[in-house]
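Peer 1: Here you go, one structure.
Values in this text are rule-based calculations from the coordinates and carry no lab data. Fair warning: this is a prediction, and the values are worked out from it, not measured in the lab. Backbone-built Cβ (ideal geometry, glycine too); neighbour counts: all protein chains shown.
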Amino acid sequence: MNTILITGASSGIGKATAKRFQAEGWNVVATMRDTAAGGDLGALDNVLVTRLDVTDAGSIADAVAAGIDRFGQIDVLLNNAGYGAYGPLEAFSVDRIRRQFDTNVIGLLEVTKAILPHMRANRSGTIINISSIGGQITFPLGTLYHGTKFAVEGLSEALHYELEPLGIRVRIIEPGMVRTDFGGRSFDFARDENLPDYDPMAAAMGRLFAKLAADPSSPDVIAGVIWEAANESGDRLRFRAGPDAHALLEDRKAQDDETFIGGIKELMKG
Ligand SMILES: NC(=O)c1ccc[n+]([C@@H]2O[C@H](COP(=O)([O-])OP(=O)(O)OC[C@H]3O[C@@H](n4cnc5c(N)ncnc54)[C@H](OP(=O)(O)O)[C@@H]3O)[C@@H](O)[C@H]2O)c1
């Protein structure tokens with residue numbers, strides 16, 4: 001029986017993926033910062049709920065060891081934990097900037113490093129990294145979030161070269177807007193009342209996000225794409241997830257920088 005280890009399985013895409021893989025007959029190591037949020041998952045067969053904070057190296061080592069101990073092997077790692085820091089760069093303290101990169105980038109790398117010796121010994125495994133449409137395109141006031149997701153895209157693509165000869169695959173998932181708590185507790189918006197220069201752009205961004213998020217995908221749709229990425233043979237690297245992701249990223253590919261970015265600026269006026 002195959003096993004997946006998921007970070008950030010307390011809600012949203014992580015939880016939906018845990019349920020999907022469990023329903024398909026996989027073992028699931030559902031990791032989260034606060035295991036109290038995993039009660040419903042813990043009640044399912046073949047699911048181990050265990051603590052993992054991607055910014056806490058000890059918790060990463062413990063969770064990986066617990067997963068291997070319980071199920072014998074981990075076949076797929078889903079690096080899903082993350083949140084969005086938005087707002088003018090000047091409004092962010094360095095600590096708040098570090099927290100965004102520590103969670104979305106360094107944490108992902110640390111969890112990957114912790115699992116690689118196991119996958120390398122097995123000469124098999126799949127590492128699936130949750131990026132975003134925001135790893136290929138940017139929106140105003142997204143300097144930090146897009147910085148992290150562009151990093152996830154680049155590091156994943158580079159990593160795939162070094163792991164492929166060892167039988168380990170890397171996949172990148174690029175969801176569009178998804179109905180989760182991303183716009184709620186996972187949204188770290190910075191505003192500084194001493195920086196009113198940015199207020200008009202923040203207001204325009206609020207309106208644009210509301211429009212873009214009018215018809216979000218269900219997290220189950222993203223879980224379906226993750227299922228495909230885990231099970232598809234071959235060396236496909238990128239998987240778009242959700243109709244809006246397909247449309248936006250297709251446009252991005254078809255247009256030069258000036259045209260696409262000009263389109264975003266037009267949208268901000270609307
Ligand atoms: N929703 C979207 O529109 C969208 C679009 C593209 C990409 N994404 C990406 O999808 C991923 C999942 O987000 P979501 O939409 O499912 O939102 P969500 O429901 O808010 O889930 C975010 C998850 O990340 C976890 N997390 C945050 N910091 C963590 C840390 N230090 N250690 C471990 N877990 C941590 C949260 O845990 P707690 O419960 O402890 O807070 C939660 O489980 C993120 O990487 C996000 O960037 C989302």
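Peer 1: Can you grab the distance from the C-alpha centre of the range 143-190 to the C-alpha centre of the range 191-270, Å, no decimals?
Peer 2: What the calculation gives is 13 Å, centre to centre.
Peer 1: Let me ask you something else. Taking the DSSP beta bridges in the range 1-124 as the whole, what percent of them are antiparallel, to the nearest 5?
Peer 2: The antiparallel proportion sits near 0 percent.
Peer 1: Tell me the angle of helix 257-269 to the major Cα principal axis of the chain, expressed in degrees between 0 and 90 and rounded to the nearest ten.
Peer 2: 70
Peer 1: What is the angle, in °, between the Cα long axis of helix 107-122 and the longest principal axis of the Cα atoms in the chain? Nearest 10 is fine, range 0 to 90.
Peer 2: That helix lies at roughly 30 degrees to the long axis.
Peer 1: Something else about it: With just the Cα atoms of the range 118-270, tell me how far they stretch along each of the three principal axes, in Å, largest first.
Peer 2: On the principal axes, the range 118-270 reaches 55, 32, 31 Å in Cα extent.
Peer 1: Oh, and also: Could you size up the charge dipole of the chain around its Cα centre, putting +1 on the beta carbon of Lys and Arg and -1 on that of Asp and Glu, and report it in debye to the nearest 20?
Peer 2: With only Lys, Arg, Asp and Glu charged at Cβ, the dipole is about 360 debye.
Peer 1: Only bridges with both residues in the range 3-269 count here: give the DSSP antiparallel percent, nearest 5.
Peer 2: 0
Peer 1: If we count every other residue with Cβ under 14 angstrom of Asn80's Cβ, Lys/Arg +1 and Asp/Glu -1, where does the sum land?
Peer 2: My count for the surroundings of Asn80 gives +3.
Peer 1: Please report the base-10 log of the normalised intensity I(q)/I(0) for the chain, using a Debye sum with one equal scatterer per alpha carbon and no solvent, at each q in 0.07, 0.09, 0.10 (1/Å).
Peer 2: Log10 I(q)/I(0), no solvent term: -0.25, -0.41, -0.50.
Peer 1: Run the helix sum for the chain: -39,500 (n - 2.57) per DSSP H stretch of 4+ residues, divided by residue count, reported at 222 nm to the nearest 500 deg cm²/dmol.
Peer 2: -15000 deg cm²/dmol
Peer 1: How far is helix 143-163 tilted off the main Cα axis of the chain, in degrees rounded to 10, range 0 to 90?
Peer 2: On a 0 to 90 degree scale, this one is about 40.
Peer 1: While we're here: Go ahead and run the numbers for FRET between Asp181 and Leu109, Cβ-Cβ distance against an R0 of 22 Å, rounding to 0.05.
Peer 2: Step by step, r from the Cβ atoms, then E = 0.35.
Peer 1: In whole Å, what is the distance between the alpha-carbon centres of the range 7-58 and the range 79-123?
Peer 2: Distance between centres, Cα-based: 18 Å.
Peer 1: Still on this model: If you average the sequence gap of Cα pairs under 8 Å that are 6 or more apart and divide by the length of the range 1-101, what percent do you get for the contact order?
Peer 2: That works out to 30 percent.
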